[in-house]
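These notes concern the structure reproduced below.
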Amino acid sequence: MASRVVTVTANAAGESIDVGWRCSRSSASCATSSASVALPNIPYATENISGRSSDRSVMSLTAGICHSGHGGSVVGVAWTQWVRREEPIMRMFVAGGTGEVGRRLVPQLVQRGHEVVGTTRTPAKADQLRAAGAEAAVLDALDAEQMMRAVVDAKPEVVLHELTALSGPASIRRFDAFFEATNRLRTVGTDNLIAAALAAGARRIVVQSYAGWTYARTGGMVKSESDPLDEQPARNAAATLAAIKYAERATMAAPIEHVVLRYGGFYGPGNALGRDVGKDGELLTMVRGRRLPIVGSGDGLWCFVHIDDAVSATVLAAEGSPQGIYNVVDDEPAQARSWLPYLAQAIGAKPPLHVPAWLVRPFVGEYVVMTMTTARGASNARARAQLGWQPRYPSWRDGFRTGLG
């Protein structure tokens, strides 16, 4: 397994700067004080130095100031500590490489130097993967033989499950019917992928899940990963929750390093709650048209995460976080009666309507009433502490203002 130096983090007074490079050798010295410290003459190409690019050689740290090897010009600020971090270049297999997460995840992994194989169901999307620098595997994830052959041929160290099958307008009343194909990917697809990962000798698998309405609606309002999932879900979401539980159990029982990422509700460019090339997504259109009302008390908690923050957490999980389950959500679980009016105001729409639960239940089903009135939220404390995850949008408040696309 090849090695590369990915980042050197320099902690200055009041700021942190990441300096990344690729090295031909993996030895270097670290300065822990302001004294001059000589570094080996290691050729490198910088990936980012405070927004600048260079192909110079680092020669020395003088009085805590970074100088280049060409004339001693200053390219940074005074530092008090250097921390060097090495990460391996790995082969990764992304099942669902052109899906909602996958199409953003694959380029990120490639940019970080990993060798990536991504899957797609349709040959037309294979070029999308190749354009991102990945190898493409066209397959049906529900076909065990096709999945086995693709993963074994790829010989990955890390396998990532980002398979979904969502298309067409969402049906909130027929919730389980809308997710039926995705739920088969959470059950049959998960079994196929785990079996293939084991046969290929992969050492880690990362599997997507969901956080928020899935938690038991008893006790506290904000749940951690150790809290139980709901045993009495809304009837029109029972099959979906059962599939989510299945995927988690199968992953956690697999004799391989395993990470389960419970994503919050996505928002951002290209999502239902976001914009794409100036066009509103489906949920944003509903809010703008006052077709997504506050139901009942509006006390139900929703968990959000910007799509790019979900991807950054997935990268960390793939590259070697501690095993376990993580809630990948922002810092602020949001009551429906808070986030809906805020979003409407942020996009210049009229405030949402407010309707009694008894009136709309026959039309929207139990799932919507539950999410609007009794749903629990989730804490991201474990992801922040153990993944080292720092979301760009810690709150949906900022994200709804500046991150929709």
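The values are calculated or read from the model by the stated rules, or taken from the named source; none is laboratory data. Source: prediction; values computed, not measured. Counting neighbours? That spans all protein chains shown, and the Cβs are built from the backbone with ideal geometry, glycine included. Protein only, heavy atoms only, side chains kept; ligands, DNA and RNA dropped before computing areas. Shrake-Rupley method; radii C 1.70, N 1.55, O 1.52, S 1.80 Å.
Just want to confirm a number: the relative contact order over region 260-405, from Cα pairs under 8 angstrom separated by 6+ residues, in percent. Let's see the in-between values first.
On the way: 271 pairs, mean separation 54.1, N = 146.
In percent, rounded to a whole number, it is 37.
Counting only protein chains, not ligands or nucleic acids, how are Glu319, Glu135 ordered by accessible area (probe 1.4 Å), most first?
Details: Glu319 25, Glu135 95 Å².
Largest accessible area first, the residues go Glu135, Glu319.
In terms of modelled amide H atoms, which long-range or inter-chain residues lie less than 5 Å from the amide H of Val117?
It is Met92, Phe93, Val94, Glu135, by chain and number.
Principal axis extents for region 140-185, Cα atoms only, whole Å, descending order, please.
Principal extents (Cα only, largest first): 42, 19, 14 Å.
Leaving out ligands and nucleic acids, note down the accessible area per residue over region 203-247 with a 1.4 angstrom probe, in whole Å².
Details: 1830 Å² over 45 residues.
Here the residues of region 203-247 average 41 Å² of exposed surface.
With the full set of protein chains in place, find how many percent of the accessible area of region 347-405 is carbon and sulfur; take the probe as 1.4 Å.
Whole-percent figure for carbon plus sulfur exposure: 57.
Which value in nm describes the separation of the simple spin-label points at Ser224 and Ala195, placed 7 Å from the Cα toward the beta carbon?
For the pair Ser224/Ala195, the computed spacing is 3.7 nm.
Please give the direction-averaged projected area of the C-alpha convex hull for region 136-262, in square nanometres with one decimal.
8.4 nm²
Mind grabbing the accessible area of Trp339 for me, 1.4 Å probe, Å², rounded to tens?
Around 10 Å² of this residue is reachable by solvent.
Under 5 Å between amide hydrogens, which residues at least 5 positions from Gly270 or on another chain qualify, with H placed 1.01 Å from N in the peptide plane?
Arg275, Asp276
Tell me, what HN-Hα J-couplings in whole Hz come from the Karplus equation 6.51 cos²θ - 1.76 cosθ + 1.60 at θ = phi - 60° for each residue of region 172-181, using x for Gly and Pro?
6, 6, 9, 4, 5, 5, 5, 8, 4, 5
Roughly how many Å² of Ser171 are accessible to a 1.4 Å probe, to the nearest 10?
40 Å²
Which ³J(HN,Hα) values in Hz, rounded to whole numbers, follow from the phi angles of region 312-320 under the Karplus curve 6.51 cos²θ - 1.76 cosθ + 1.60, where θ = phi - 60° and Gly and Pro get x?
Residue by residue, region 312-320 yields 5, 5, 5, 4, 4, 5, 5, 7, x Hz.
Starting from the 7 Å offset along Cα-to-Cβ, what nm value, one decimal, do you get for the label separation of Gln323 and Val360?
Between Gln323 and Val360, the simple spin-label model gives 4.3 nm.
Of Lys223, Lys155, Lys125, which has the most accessible area with a 1.4 Å probe, and how do the rest follow in descending order? Spell out each step's value before the answer.
Values: Lys223 15, Lys155 140, Lys125 90 Å².
Largest accessible area first, the list is Lys155, Lys125, Lys223.
Please state the shape class of region 259-312: rounded when a/c is under 1.5, otherwise prolate if a/b exceeds b/c and oblate if not, all from the C-alpha gyration tensor.
Oblate, since a/c reaches 1.5 and b/c is not below a/b.
If amide H atoms are built 1.01 Å from N in the plane of the peptide, which residues on other chains or at least 5 residues away come under 5 Å of the amide H of Val207?
Placed amide hydrogens put His161, Val259, Val260, Leu261 under 5 Å from Val207.
Treating cross-link reach as a plain straight distance, find the aspartates and glutamates whose alpha-carbon is under 14 Å from the alpha-carbon of Lys223, omitting any fewer than eight places away in the same chain.
The qualifying aspartates and glutamates are Asp330, Asp331, Glu332.
With a 1.4 Å probe and all protein chains in place, put Val110, Val116 in order of accessible area, largest first.
From most exposed to least exposed: Val110, Val116.
Which whole-number percent is the relative contact order of region 189-295 (Cα, under 8 Å, 6+ apart)?
Working: 105 pairs, mean separation 29.8, N = 107.
Result for region 189-295 is 28 percent.
What Kirkwood hydrodynamic radius, in Å, does region 270-367 give when the mean of 1/r is taken over all pairs of distinct Cα atoms and then inverted?
After inverting the pairwise mean of 1/r, the radius is 15.5 Å.
On full extension of the chain, what length is gained from Arg130 through Asp276, given 0.36 nm per residue of separation minus the C-alpha to C-alpha distance?
That works out to 50.3 nm of additional length.
Leaving out same-chain residues fewer than 8 places away, which lysines sit with a Cα under 21 Å from that of Lys279?
Cross-link targets: Lys350.
For region 338-403, what ratio Rg/Rh do Cα atoms give with a Kirkwood hydrodynamic radius?
Ratio of gyration radius to Kirkwood radius for region 338-403: 1.09.
What fraction of the DSSP beta bridges in region 141-266 is antiparallel, stated in percent and rounded to the nearest 5?
Numbers: 1 of 12 bridges.
So the antiparallel bridges amount to about 10 percent of the total.
Whole-Hz ³J(HN,Hα) for each residue in region 368-383, computed from phi via Karplus 6.51 cos²θ - 1.76 cosθ + 1.60 with θ = phi - 60°, x for glycine and proline: what do you get?
Values, residue by residue: 5, 4, 4, 5, 7, 10, 10, 4, 9, x, 9, 9, 9, 4, 5, 5 Hz.
What does the extension gain come out to for Ala238 and Asp140, with contour length at 0.36 nm per residue minus their alpha carbon separation?
Working: separation 98, 0.36 × 98 = 35.28 nm, distance 2.55 nm.
Taking 0.36 nm per residue and subtracting the Cα distance, the gain is 32.7 nm.
With the contact rule set at Cα under 8 Å and sequence spacing of 6 or more, what percent relative contact order holds for region 189-251?
On the way: 33 pairs, mean separation 26.6, N = 63.
Over region 189-251, the number comes to 42 percent.
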